[in-house]
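I have placed the structure first, in the form of structure tokens, so that the comments after it can refer back to it.
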Amino acid sequence: MAGAAAEERRLATVVAGWQGRPVLVVGDAMLDEWRFAESERLCREAPAPVLTLRRRISAAGGAANTAVNVAALGGRAALVAPVGADVAGDELHDCLDRAGVWDRTVGHPGRPTPVKRRMLAGNQILLREDSGDPEDPLDDDGVARLLTALHCATEELRAVAAGQPPTLVVCDYGLGALPSAVRAWLVANRDRYATVALDAHDLADWRGLNPTVVTPSFAEATRLLARAAAGFNGGHRGAARGATAGHLHLDHLADPADGPSELVVGAAPGGAGEREPGSPHPTSGAPAAEHAGGVAGPTGEPTPGEERVALTGDGLSVTGTGVTVNAAAGAGVDRAVLAESRLDELREHTGADVVAVTLDTEGAVVGGADGEPRRSHSTPVPASHAVGAGDAYLAAMTLALAAEASLPTAAQLAQLAATITVSDTGTCVCRQEDLLDALGSGREEAGRPTQVGAEELTAIVAEHRRAGRSIVFTNGCFDVLHPGHVRYLTQARALGDLLVVAVNSDGSVRRLKGPDRPVNPVEDRAALLAALECVDHVVVFEEDSPAKLIEAVRPDVYVKGGDYPPEMVPEAPLVRRLGGQVRTLGYVPDRSTSAIIDRIRSHPVVPPVNEGRPA
């Protein structure tokens, strides 16, 4: 036990050591939209559920979520990415601002912000709609402004680090944010960054970057290996290892625009690694690429048809990336074992010091220069819980390596960061507090009072917001606490990460309710609220309106009770001006303070019986 505690303290020291470390994130930023609905019947037109929208959440996605995770874990994150001048872009800017990310994105009016919209019922994803055309290229002016933003953000981060080079994270998901001119600039300016992390759907596009670490999915790694084997001739030193007949090859069955996720394993037929330069691609007919010296290699741009796979007539084989893979021959092959056997090749083809092949719910396999593979494990969860978990993994791995942690330590912290984010539906964000809590070294929340003053609350909220937490705010008299209040506050707490309850002072209650109220003094009312598990902080205000507190807290969600629409809430315009949402939650019937007081007053008073007095 003592050894385990010492190990937890050592890991916590690494987490504390990356506090404030400057990180520049560049790449494909997008908006994740989650729509939570309820369904109680099928429509008459088709066997489809009728959905009633109950809640909508927007979150940063892609490179933007990686930046949010860096900030939430304690780093100083700046994001450079093209963003559309549209509603989705505005929401993405708000997400970055709330998370404390330095928003250095570049607006492009003619190019929409990529959005992934998910519709759920009962936490089950029913459908996903993607918008934003990845084929819409940046114009010359957009590229020039993106390069300027990269230069300025790099120097800005260097300045806050007292002249030390910042860390760079590249997130290339094939949505057009990183055209060849930007890739060339990053390669040419590699020496301006100390640690460089690369997460790319097509790793071959980044030859020459020489990253510190790459974090491909299993599909992305095997795609690179398959293309390298198909392109390298027999004289290449990798041919003997990866292109021989009968060697295991893999290919993906997923839409590359979404990031490959499903693989089949089999024995590659002979000839996959023997295609001569200029010979036709077996699927597309395109000639193989030629390189200096006559040695072919993986090309930066996939050949036509290479990004798709097609089922062959026997129903067992698929073709793609220049090889044919038998889906049955590799049944039972352990992906982790296969990945471990190819780590050296992946390091060679990417130029990376460290390769971390992520295996979804099976964890990851990590290899470095010492040639010793390291395996980490995860817990299987529903797919809707794991969206963005790879961003948390990438952020923690990058910060740990930038803080000069050993590779085993970095791999352990990265896996832990990804694992603890997948407890619920939504886009995953790992906070430094959560990581420290998982290590048993988090700050004691018990030492922080639930009942706080206005100034203390402002500081607490600012700290939570820097960690990426969303703030829910509500207010009221809460004179006689009853089940309606408890249900209302529980529902309010479910709308975010932190619930702040503002309570009217005694004088405020008298002005609002009359001279015979409150029944209970504010000290008692605040103490009862603070005792509820769903309430994080309670603050008392003297005014008739909580407007001053709302301006100080700037809640992400403002909640009021009642059956009226949000538009009728007096504080709604202020909340929306500050970037928040307004929600109203209905009361429990026959459960109100006034009704309880009326019942008490209407109850007949029975005088006490004096047993010692004669009749």
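The values are calculated or read from the model by the stated rules, or taken from the named source; none is laboratory data. Fair warning: this is a prediction, and the values are worked out from it, not measured in the lab. Every residue, glycine as well, gets a Cβ built from its backbone with ideal geometry; the counts of neighbours run over all protein chains shown. Side chains are part of the model used for accessible areas, which takes the heavy atoms of the whole protein and leaves out ligands, DNA and RNA. Shrake-Rupley method; radii C 1.70, N 1.55, O 1.52, S 1.80 Å.
Odds and ends about this structure:
Condition check ((1) among the hydrophobic types (A, V, I, L, M, F, W, C); (2) in contact with a Cys (Cβ under 8 Å, 6 or more places away or on another chain)) across all residues:
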| site | (1), (2) |
| --- | --- |
| 376 | no, no |
| 388 | no, yes |
| 403 | yes, no |
| 419 | no, no |
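- The range 476-522, subset touching a residue at least 60 places away in the same chain (Cβ under 8 Å) and open to solvent by 60 Å² or more (accessible area, probe 1.4 Å), residue farthest from the chain's Cα centre (by Cα): 519
- Selection of the range 188-218 for residues being under 16 Å from residue 357 (Cα atoms) and without any contact (Cβ under 8 Å) to a residue 60 or more places away in the chain yields 200, 201.
- Residue within the range 44-56 that is open to solvent by 60 Å² or more (accessible area, probe 1.4 Å) and either assigned to a helix (DSSP H, G or I) or within 29 Å of residue 160 (Cβ to Cβ) (or both) present: no
- Scanning the range 145-158 for residues that are open to solvent by less than 40 Å² (accessible area, probe 1.4 Å) and not polar (S, T, N, Q) gives 146, 149, 150, 153, 157.
Okay, residues lined up against (1) in contact (Cβ under 8 Å) with a residue 12 or more places away in the chain; (2) more than 19 Å from residue 83 (Cα to Cα); (3) assigned to a strand (DSSP E or B):
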{"position": "95", "(1), (2), (3)": "yes, no, no"}
{"position": "116", "(1), (2), (3)": "yes, no, yes"}
{"position": "119", "(1), (2), (3)": "yes, yes, yes"}
{"position": "129", "(1), (2), (3)": "yes, no, yes"}
{"position": "136", "(1), (2), (3)": "yes, no, no"}
{"position": "183", "(1), (2), (3)": "yes, no, no"}
{"position": "186", "(1), (2), (3)": "yes, yes, no"}
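This table checks each residue for (1) over 26 Å from residue 20 (Cβ atoms); (2) out of contact with any Cys (no Cβ under 6 Å at 6 or more places or on another chain); (3) in a helix (DSSP H, G or I).
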| position | (1), (2), (3) |
| --- | --- |
| 458 | no, yes, yes |
| 480 | yes, yes, no |
| 501 | yes, yes, no |
| 510 | yes, yes, yes |
| 527 | yes, yes, yes |
| 533 | yes, yes, no |
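- Selection from the range 78-91 of residues that are among the small types (Gly, Ala, Ser), touching a Leu at 6+ places or on another chain (Cβ under 8 Å) and part of a strand (DSSP E or B): 78
- Within the range 333-363, being free of Cβ contacts under 8 Å to residues at least 12 places away in the same chain and either crowded, with 22+ Cβ neighbours inside 10 Å or not acidic (Asp, Glu) (or both) holds for 337, 341.
- Selection status of residue 457, open to solvent by 10 Å² or more (accessible area, probe 1.4 Å), of a type in the set (A, V, I, L, M) and farther than 26 Å from residue 78 by Cβ: no
- Residues that are hydroxyl-bearing (Ser, Thr, Tyr) and either surrounded by fewer than 17 Cβ atoms within 10 Å (Cβ to Cβ) or at pLDDT below 95 (or both) within the range 92-144 comprise 113, 131, listed in sequence order.
- Residue within the range 158-181 that is more than 17 Å from residue 29 (Cβ to Cβ), of a type in the set (Phe, Trp, Tyr) and assigned to a loop (DSSP other than H, G, I, E, B) present: no
- Conditions (1) at pLDDT 90 or above; (2) surrounded by fewer than 19 Cβ atoms within 10 Å (Cβ to Cβ); (3) under 29 Å from residue 20 (Cα atoms); number of the one not met by residue 463: (1)
- Some residue of the range 186-204 being out of contact with any strand residue (DSSP E or B) (no Cβ under 9 Å at 6 or more places or on another chain), among the β-branched types (Val, Ile, Thr) and open to solvent by 40 Å² or more (accessible area, probe 1.4 Å): yes
- Cβ-Cβ distances below 6 Å connect the following pairs, each with a first residue in the range 376-405 that is without any contact (Cβ under 8 Å) to a residue 60 or more places away in the chain, a second residue that is open to solvent by 30 Å² or more (accessible area, probe 1.4 Å), and a separation of six or more residues or different chains: 378/361; 378/419; 380/361.
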